[in-house]
């Protein structure tokens with residue numbers, strides 16, 4: 001699908017993101033409790049502020065901010081990678097991954113635990129910190145043969161200094177999950193760096209990103 005992008009190419013032939021609203025399902029859990037699957041919000045933009053939200057006697061309100069190194073168009077912005085639907089996704093600027101081996105060829109780099117890891121990225125800033133114990137990225141309907149093959153997962157407390165939590169090495173298009181059970185540090189920023197796509201894909205894209213504490 002993404003093997004021959006030009007700057008004037010359009011992704012509209014694959015899908016258009018639906019108009020959605022902020023949704024907090026019944027039984028939403030507090031950050032820090034085991035078994036939390038997150039995020040439990042729907043991004044209609046890259047910044048979503050939730051007020052007066054409680055779980056029991058605990059306030060879990062605040063602003064969730066999704067950002068990325070680049071985005072192809074507004075219809076493929078960073079927040080769409082976290083929505084619980086296969087019809088939306090984040091897509092980076094095109095022509096930055098090798099058509100021969102899928103490795104990143106662009107200039108974006110993130111220093112993670114002292115090592116520079118290259119690749120387009122999407123990240124989320126949460127209004128409170130938590131310990132991430134697992135991460136997954138699901139398939140999206142428009143790119144069912146192309147997916148992120150290598151993703152570095154990093155956490156930060158300030159959005160500047162990043163610590164490596166794990167590296168997802170995907171082998172198929174279906175949902176890919178990694179256990180981060182050894183992580184014992186709480187962060188409120190999480191960044192996902194796509195170092196490699198499937199061979200022939202020249203653009204980073206991810207959807208259905210979820211993680212748990």
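At-a-glance table
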{"quantity": "Ranking of 147, 97 by count of other Cβ atoms within 10 Å, fewest first", "calculated": "147, 97"}
{"quantity": "Full-extension gain in nm, residue 128 to residue 113, via 0.36 nm per residue minus C-alpha separation", "calculated": "3.2 nm"}
{"quantity": "Stokes-Einstein D for the range 67-142, Kirkwood Rh over Cα pairs, 37 °C, 0.692 mPa s (µm²/s)", "calculated": "231"}
{"quantity": "Ranking of 48, 122, 96 by count of other Cβ atoms within 10 Å, fewest first", "calculated": "48, 96, 122"}
{"quantity": "Förster radius 35 Å - calculated FRET efficiency between residue 179 and residue 61 (Cβ-Cβ, nearest 0.05)", "calculated": "0.70"}
{"quantity": "Cβ-based exposure ranking for 196, 133, in which fewest neighbours within 10 Å come first", "calculated": "133, 196"}
{"quantity": "Gained length - residue 136 relative to residue 85, 0.36 nm times residue gap less alpha-carbon distance", "calculated": "17.0 nm"}
{"quantity": "Largest-first principal axis extents of the Cα set of the range 37-212 (Å)", "calculated": "54, 35, 26"}
{"quantity": "Residue list for the range 170-201, given a label point 7 angstrom along the Cα-to-Cβ vector of residue 99 and an amide N cut-off under 18 Å", "calculated": "197-201"}
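Read-outs throughout are calculated quantities, based only on the coordinates presented, and are distinct from any laboratory measurement. Because the structure is a prediction, the values reported are computed rather than measured. Neighbour counts are summed over all protein chains in view; Cβ atoms, including those assigned to glycine, are modelled from backbone coordinates with ideal geometry.
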